[in-house]
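The values are calculated or read from the model by the stated rules, or taken from the named source; none is laboratory data. Not measured: the values here are computed from a predicted model. Every residue, glycine as well, gets a Cβ built from its backbone with ideal geometry; the counts of neighbours run over all protein chains shown. These area figures cover heavy atoms from the full protein model, side chains too; ligands, DNA and RNA do not enter into them. Shrake-Rupley method; radii C 1.70, N 1.55, O 1.52, S 1.80 Å.
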Amino acid sequence: MRHEQVAIHRRNRNLVLAAGWLLVLAGYFSYEAIVVAAGALVLNGYAWFLMRADKRLAKKKSWRIPEASLLLAAFLGGGPGALAGMLIHRHKTRHASFLFWVPLFCMLQIALVVWIGRQ
């Protein structure tokens with residue numbers, strides 16, 4: 001059962017991240033800021049959702065979302081959403097890897113948006 005849950009999670013994760021990035025890239029290359037914003041919203045909303053869902057699963061002592069998936073969602077554009085999810089839901093705030101990587105991803109992504117906005 002656990003193997004099936006992980007496989008379903010990975011498929012869904014990959015689909016959402018791909019859809020978010022397709023929106024970001026389509027908006028960037030067509031100079032449509034609203035499409036880029038929609039893609040960023042998908043990526044950040046999904047990262048926030050993963051943090052919330054994993055916190056709820058932890059309280060139930062149920063199957064958990066792999067930490068690699070949480071960090072991957074943060075790395076691939078969901079840094080601010082993952083950081084908000086960490087702080088709002090008080091999840092993974094005692095894990096050194098999350099305390100280091102998620103804020104770093106968030107800062108780098110914000111810096112990238114500012115840099116691209118100046119181009």
Problem set entry | Residue among 24, 35, 102, 42 that alone is surrounded by 15 or more Cβ atoms within 10 Å (Cβ to Cβ) and over 15 Å from the mean Cα position of the chain (by Cα) | 35
Problem set entry | Test set (1) at positive phi; (2) at pLDDT 95 or above; (3) open to solvent by 40 Å² or more (accessible area, probe 1.4 Å) - residue 61 fails condition number | (2)
Problem set entry | Selected residue (criterion: nearest to residue 14 (Cα to Cα)) from residues of the range 69-105 that are aromatic (Phe, Trp, Tyr) and touching a helix residue (DSSP H, G or I) at 6+ places or on another chain (Cβ under 9 Å) | 75
Exercise. In this structure, does residue 94 turn out to be out of contact with any His (no Cβ under 6 Å at 6 or more places or on another chain), outside any helix (DSSP H, G or I), of a type outside the set (S, T, N, Q) and open to solvent by 50 Å² or more (accessible area, probe 1.4 Å)?
Worked result: yes
Exercise. Name the pairs whose Cβ atoms lie under 6 Å apart, with the first residue in the range 1-29 and under 13 Å from residue 66 (Cβ atoms), the second aliphatic (A, V, I, L, M) and surrounded by 13 or more Cβ atoms within 10 Å (Cβ to Cβ), and 6 or more positions between them or separate chains?
Worked result: none
Problem set entry | Only one of 79, 45, 85 that is touching a Pro at 6+ places or on another chain (Cβ under 9 Å) and within 25 Å of residue 112 (Cβ to Cβ) | 79
For this session: Could you please give the count of residues in the range 18-58 that are touching a Phe, Trp or Tyr at 6+ places or on another chain (Cβ under 7 Å), among the aliphatic types (A, V, I, L, M) and either at pLDDT 95 or above or within 24 Å of residue 91 (Cα to Cα) (or both)?
Result: 1
